[in-house]
């Protein structure tokens, strides 16, 4: 059985990460927090999403990309097919997703959000917005706008690359 490894700290590391780039070090610290099970539990606390390390990510993926075959969901979550099978079963039991026949191949199934799942996903996005507003409450409008512009620029640059090449 898998262990949850992010329970101890739950926050950002207190130590300096050994990157030459301070920007990369800070992005890694933030990414680690955003990916942690404790952060996902906090976001999902007002939803019926099960306490599973991949449940929140699965709900985001299904809300963003729509219905997917279990194999495609596994690829997007970076987990094995058996892990997705167990996760989908938990989400089905919670009434958040359903398996439907693939219209292109009746032997295959597709995982789709139910109306309760769509509501739970919307709540995750709402909680994320509330968290960001709280974090930036003391920032000026100009600082908030500058952060948004720079993050959008970085996201666009990163997503436009087919592969990040290290030389």
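The values are calculated or read from the model by the stated rules, or taken from the named source; none is laboratory data. This one's a predicted model, so the numbers in the text were calculated from it and none came from an experiment. Cβ coordinates were reconstructed from backbone atoms using ideal geometry, including for glycine residues, and neighbour counts include every protein chain displayed.
Taking (1) within 20 Å of residue 35 (Cα to Cα); (2) touching a strand residue (DSSP E or B) at 6+ places or on another chain (Cβ under 9 Å) in turn, residue 152 satisfies each apart from (2). In the condition set (1) in contact with a strand residue (DSSP E or B) (Cβ under 8 Å, 6 or more places away or on another chain); (2) free of Cβ contacts under 8 Å to residues at least 40 places away in the same chain; (3) closer than 22 Å to residue 41 by Cα, residue 99 is compliant with all but (3). Criterion first (part of a helix (DSSP H, G or I), touching a strand residue (DSSP E or B) at 6+ places or on another chain (Cβ under 6 Å), at pLDDT 90 or above and under 28 Å from residue 132 (Cα atoms)) does residue 27 satisfy it? Taking the combined requirement at face value, the residue does not satisfy it. Taking the criterion of being under 17 Å from the mean Cα position of the chain (by Cα), surrounded by fewer than 17 Cβ atoms within 10 Å (Cβ to Cβ) and free of Cβ contacts under 8 Å to residues at least 24 places away in the same chain, would at least one residue in the stretch 78-91 satisfy it? The answer is yes, given that some residue of the stretch 78-91 is under 17 Å from the mean Cα position of the chain (by Cα), surrounded by fewer than 17 Cβ atoms within 10 Å (Cβ to Cβ) and free of Cβ contacts under 8 Å to residues at least 24 places away in the same chain.
The one condition from (1) modelled with pLDDT of 95 or more; (2) part of a helix (DSSP H, G or I); (3) under 30 Å from residue 18 (Cβ atoms) that residue 34 does not meet is (1).
I'd like to check something: does the stretch 111-130 contain any residue that is assigned to a helix (DSSP H, G or I), modelled with pLDDT of 95 or more, surrounded by 11 or more Cβ atoms within 10 Å (Cβ to Cβ) and touching a strand residue (DSSP E or B) at 6+ places or on another chain (Cβ under 8 Å)? Yes, that holds for at least one residue.
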